[in-house]
Amino acid sequence: MTTPSPVKVPVETPQPRPKGGPPLLDSLTGLRGLAAILVFFFHFTTFRMVFGENGHLEFASLSRPRFLTMSGNFAVGSFFILSGFVLALTTRQGTSMANFAAKRVGKLVPVYLFTSLLAIGAILLIGMPISVSNVVLHLTLLQSWVPFQDIYHGVNPVTWSLSTEGFFYLLFPVALFLVRRLPTRSLYWLLGCAVLLEFALPLYVMKYFAVTGTGGHETYMSTGSKGGDLAYWFTLPFPPYRFLEFLVGMIACILLMRGVLPTVRLRWAWSLCAVAYLIGTYVPGPLQRTAVGMVPLTILVVALAQADFAGRPSLLRRRPFIELGKLSYGMYAIQLLVFLPTGPFVVRWLSGALSLPTETLNGALYQIPIALTYFLLIILLAVPIYRYIEVPAYDYAKKLYRNRSGSDLFTDPSTPEGRSR
């Protein structure tokens, strides 16, 4: 295998942290904040509970505008691409495998377990059915491997993405080792293959594996327009397929740090994302979910990083987006646990207080202020999650196994230290 040439310093040199280490790219944190906004309004218009005929809570089918569907797709896609980009950027040489694993567990698991246990308690409290196998799959982060909505959307519906992210972490050390050793030309070929597979695989599954029967399993969302249950699962949580986005983020980071990518102005990156968003609103479901947004979102991530390297203005570097980016994990994990079980009671109370039928309260005129109120509430709840669970757990995990010898999987052959190993 050809050893890549030494790293070229990017034209726009990144500003290091005060104590050294990876560059501080606030716009990427701000992108997480924007994604947190998009995914909240997607979930608010996707999942809803109502009082059934027997007085118990049950899921309601919602009909939302098509353009809102893309908000969730873009948000999750940007999370996965960002994850690969940032991990490739920040994983240092000299990191031990044990320390890397501890940091990933410390970042992902504490908030996940806290919110999952809250979800299990809420399900039991309101009397909805839940199986032992479902609980076990969620507590072991395996739910996204099972092609039934009542599994990967069960317990806390949003956490399928965290199950999928856990798979990325398992593959990352080997993927980083291999990708760093590819010459630049091979990286471009790998990037092209990933994009091709991103489009080809959902079309293949939709055409030949359009399974629509549920086999006795409950469904939360209609899958008919998305190629049936199997195509819907394949293009939503299936970890190997979603790994393509993570891999593209890794490759983009390495190409950027080699200094071989052209400068992309933010206005063009945003324009490309806007066009892709519009196109994605009308394409078939399997392409809409991931493929349409992957290239534009990757270009946007690169453009944001380049803007931060050069100190150029960036909307997402403003404090509200950065603060939301820091809180985004807690906001994401807690949001459905807040508005799903309380929503029916809020609507019933407002109906009585305003002397309005519930059908009127479900209109946009009332749902918009209700959604904004819930959004503010979720931000407030995410603050203690961030301060007292996420940050302390990750800070503690970073200190574990730091004195162990570094793993060869994290060496960079383009640096003097890497060539000496």
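The values are calculated or read from the model by the stated rules, or taken from the named source; none is laboratory data. Bear in mind that the values here come from a model prediction, so they are computed numbers and not experimental data. Here Cβ is always computed from backbone atoms with ideal geometry, including for glycine, and neighbour counts include all displayed protein chains. Calculation scope for accessible area: heavy atoms of the full protein, side chains included, ligands and nucleic acids excluded. Shrake-Rupley method; radii C 1.70, N 1.55, O 1.52, S 1.80 Å.
Output the relative contact order of region 118-192, whole-number percent, from Cα pairs under 8 angstrom with separation of 6+ residues. This gives 21 percent for region 118-192. Projecting the Cα atoms of PRO392, GLY343, ALA305 onto the charge dipole of the chain, computed from C-beta unit charges around the Cα centre, puts ALA305 farthest toward the positive end. About the centre of its Cα atoms, the chain shows a dipole size close to 1520 debye [charges on the beta carbon of Lys, Arg (+1) and Asp, Glu (-1) only; nearest 20 debye]. Given a 1.4 Å probe and the protein chains as shown, TRP270 ends up with an accessible area of around 90 Å². Here is the size of the chain from its Cα atoms: Rg then Dmax, 22.0, 76 Å.
Each of PRO357, LEU124, TYR232 was scored by the projection of its Cα onto the charge dipole of the chain, and the greatest displacement toward the positive side belongs to TYR232; charges sit on the C-beta of Lys, Arg, Asp and Glu.
Taking the convex hull of the alpha carbon positions in region 222-291 and averaging its projected area over all directions gives 5.6 nm². Within region 264-421, the proportion of C-alpha pairs whose separation exceeds 22 Å stands at 70%. Note that region 287-421 presents 51 Å² accessible area per residue, ligands and nucleic acids not counted, probe 1.4 Å.
I'd like the carbon and sulfur percentage of the solvent accessible area for the chain, probe radius 1.4 Å, heavy atoms only, ligands and nucleic acids excluded. Percent of accessible area from carbon and sulfur atoms in the chain: 66.
Protection proxy ranking, highest mean first, for peptides 139-150, 393-404, 378-389: 139-150, 378-389, 393-404, where packing is the per-residue count of other beta-carbon atoms within 10 Å, averaged.
Roughly what angle does helix 66-90 make with the longest principal axis of the chain, taking Cα atoms, 0 to 90 degrees, to the nearest 10? Taking Cα atoms only, the helix is inclined about 30 degrees. In terms of its Cα atoms, region 54-199 spans 64, 39, 22 Å along the principal axes, sorted from long to short. MET97 sits with roughly 70 Å² accessible to a 1.4 Å probe, with DNA, RNA and ligands left out of the calculation.
Pick from PHE345, PHE41, PHE234 the residue whose mean-square fluctuation is largest in a GNM of the chain, springs joining Cα atoms under 10 Å. It is PHE345.
Remark: region 52-93 carries 43 Å² of accessible area per residue (probe radius 1.4 Å; ligands, DNA and RNA excluded). GNM on the chain, alpha-carbon springs under 10 angstrom: the most fluctuating residue among LEU203, LEU354, LEU376 is LEU354. Using the Cβ-Cβ distance between THR140 and LYS398 with R0 set to 22 Å, the FRET efficiency from 1/(1 + (r/R0)^6) comes to roughly 0.35. Note: relative contact order over region 34-154, using C-alpha pairs below 8 Å and six or more positions apart, is 19 percent. As a length-normalised measure over Cα pairs under 8 Å and 6 or more apart, the relative contact order of region 243-385 settles at 21 percent. Using a probe of 1.4 Å, the accessible surface attributed to ARG258 totals some 20 Å² when neighbouring protein chains are kept in position.
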